[in-house]
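**Student:** Please read through the structure below; I'll follow up with questions.
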Amino acid sequence: MNEPPLIMTPPNSPRRSILVTGAAGEIGHGLISLLRHDDVSIVAMDLRDVPEETRSMCDEVHLGDVCDKNFLEHVMTMHETNEIYHLAALLSSRAEHVPETAHDVNVQGTYHLLRLSARLSESWGQRVKFIFPSTIAVYGIGSVEEKMAAGALVEGEHLSPITMYGANKLYCESLGRYYGRYYRQVSKSRPECLVDFRCLRLPGVIAADTRPSGGTSDYVPEMLHAAAQGEPYACFVREDTVIPWMTMPECVDALMKMSSIDSPPSSVYNIGSFAASAGEFAEAIRQHFPDAEITFEPDQGRQNLVDSWPADVDCSRAREDWGFAPKWGMEEALEHYIVPAIRKHYEAVSQETS
Ligand code: AKB
């Protein structure tokens, strides 16, 4: 039995009405500052309080759970949502502590949003745009030797995730592709307008003015923030651990750019700016913070997760389809964004607390 269309009337205004889930997180802060515009309505939602700096850029903020489908239906119909940036997720390390909760949030939450987006697209005769951050955790490589030999992976390789988070994200990529291309494909009453699903596989992302939590790539941001505060840092992976990286400004720019083009040929894209090891980052950070006390004390459980992720990703498809281009390598990222921004961040923090 197909679910009835959600509402029968087209949205009152064609303006962009954007829902950002997980708005209290790291990406939400940067993304919302770029999304805000006179003719754009931004509705933020999260399970926890949205920081005032982010809240002030939104038209509405709702505290709620992406697993609550009635809450989602209320928010999306009330605000006539026609664009979603679905950032809410439990990341790789936290998900390994509570895998069933992670499945609820990462999969059920995404399913509810896709299902509602499909019904709204059908009702309005207008495709709801659904932007979905996936992850390098969808890849699963059998050994460090194989990882280093494989080099930069393209989107179709080694899709055997070993984490609940990676498995969740890989499934939701397929679910989004289904809703975007194959939804009710044998039905005589198949809707003309399907969800416009678009996905980026994010590498490790480095933000200067927020601290990460729950991720396994958190070791570099944690290393940076510790150095900036003059605190010792024991890195939980080996020095030779390599994965792809990008800065938060590049990440939100890529999400915006991929969202803005007409009909991307693919629904899933790798992005990343550079690959670097934990030891290379430590050495580069010491150039900027000579007193940084960085040691390496691998946590084998978390080390195993990162060892299964690729040393780098091939971003050719994103470059060819919508002009993705990395902005900085590691040294430039530190020099032009990370170190100046992190110093400014902690100067502001010390002024607030003094
Ligand atoms: C994590 O560490 O879980 C995330 C990711 C790599 O997607 N930052």
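The values are calculated or read from the model by the stated rules, or taken from the named source; none is laboratory data. Just so it is clear, the model here is predicted, and its values are computed rather than measured. Please note: Cβ atoms are built from the backbone with ideal geometry, for glycine as well, and neighbour counts cover all protein chains shown. With ligands, DNA and RNA removed, areas are computed over all heavy atoms of the protein, side chains included. Shrake-Rupley method; radii C 1.70, N 1.55, O 1.52, S 1.80 Å.
**Student:** Is the C-alpha gyration tensor of the range 200-257 telling us rounded, prolate or oblate? Criteria: a/c under 1.5 is rounded; beyond that, a/b larger than b/c is prolate, otherwise oblate.
**Tutor:** Judged from the Cα gyration tensor, the range 200-257 comes out oblate (a/c at least 1.5, b/c at or above a/b).
**Student:** Considering only protein heavy atoms, what per residue accessible area in square angstrom results for the range 40-164 with a 1.4 angstrom probe?
**Tutor:** The answer is 40 Å² per residue.
**Student:** On a C-alpha basis, how far is the centre of the range 60-98 from the centre of the range 165-194 in Å? Whole number, if you could?
**Tutor:** Taking the Cα centre of the range 165-194 as reference, the centre of the range 60-98 is 18 Å away.
**Student:** By what distance, in whole Å, do the Cα atoms of the range 89-353 stretch along each of the three principal axes, largest value first?
**Tutor:** Computed over the Cα atoms, the extents are 68, 41, 36 Å.
**Student:** Report the gain in length on full extension from E146 to Q287: 0.36 nm times residue separation, minus Cα-Cα distance, nm rounded to one decimal.
**Tutor:** This chain segment gains 47.6 nm when fully extended.
**Student:** Using alpha carbon coordinates only, what is the Rg to Rh ratio of the range 51-191, with Rh defined as the Kirkwood radius?
**Tutor:** Details: Rg = 17.4 Å, Rh = 16.9 Å.
Rg/Rh: 1.03.
**Student:** Measuring from label point to label point, each 7 Å out along Cα→Cβ, what is the S174 to R48 span in nm?
**Tutor:** Placing both labels 7 Å beyond Cα along the Cβ direction yields 3.2 nm.
**Student:** Let me ask you something else. Quick one: with all protein chains in place, what share of the accessible area of the chain is carbon or sulfur, to the nearest percent (1.4 Å probe)? Write out the running numbers ahead of the final one.
**Tutor:** On the way: 7360 of 15170 Å².
Exposed carbon and sulfur together represent 49 percent of the surface.
**Student:** Could you identify which residue out of Y182, Y171, Y85 has the top mean-square fluctuation in a GNM of the chain using Cα springs shorter than 10 Å?
**Tutor:** In this elastic network of the chain, the residue with the biggest mean-square fluctuation among Y182, Y171, Y85 is Y182.
**Student:** In addition: At 222 nm, what value in deg cm²/dmol follows for the chain if DSSP H runs of at least 4 each add -39500 (n - 2.57) and the sum is divided by all its residues, to the nearest 500? Write out the running numbers ahead of the final one.
**Tutor:** Values: 15 runs with 140 residues, N = 354.
Rounded to the nearest 500, the figure is -11500 deg cm²/dmol.
**Student:** Give the shape of the range 153-241 as rounded, prolate or oblate, defined through the alpha-carbon gyration tensor: a ≥ b ≥ c are the square roots of its eigenvalues, a/c under 1.5 means rounded, and otherwise the shape is prolate if a/b is larger than b/c and oblate if not. Mind showing how you got there, number by number?
**Tutor:** On the way: a/c = 4.12, a/b = 2.58, b/c = 1.60.
Judged from the Cα gyration tensor, the range 153-241 comes out prolate (a/c at least 1.5, a/b above b/c).
**Student:** If you count only protein heavy atoms with a 1.4 Å probe, what accessible area per residue comes out for the range 197-257, rounded to a whole Å²?
**Tutor:** It amounts to 25 Å² per residue over the range 197-257.
**Student:** I would also like to ask the following. Tell me the accessible surface of D59 in square angstrom (1.4 angstrom probe, heavy atoms of protein chains only), to the nearest ten.
**Tutor:** We get 90 Å² for D59.
**Student:** As a test question: what accessible area, to the nearest 10 Å², does M148 have when a 1.4 Å probe is rolled over all protein chains in place?
**Tutor:** Rounded to the nearest 10, that gives 100 Å².
**Student:** Let me ask something else. What FRET efficiency, computed as 1/(1 + (r/R0)^6) with R0 = 35 Å and r the Cβ-Cβ distance, is obtained for S316 and D262, rounded to the nearest 0.05?
**Tutor:** E(calc), rounded to 0.05, equals 0.95.
**Student:** If you don't mind, there's one more thing I want to ask. Obtain the nm distance between the two label points defined at A348 and H37 by a simple spin-label model: each point lies 7 Å from its Cα along the Cα-to-C-beta direction.
**Tutor:** 2.4
**Student:** Between M78 and L159, how high is the FRET efficiency from 1/(1 + (r/R0)^6) when r is the Cβ-Cβ distance and R₀ = 35 Å? Nearest 0.05.
**Tutor:** 0.40
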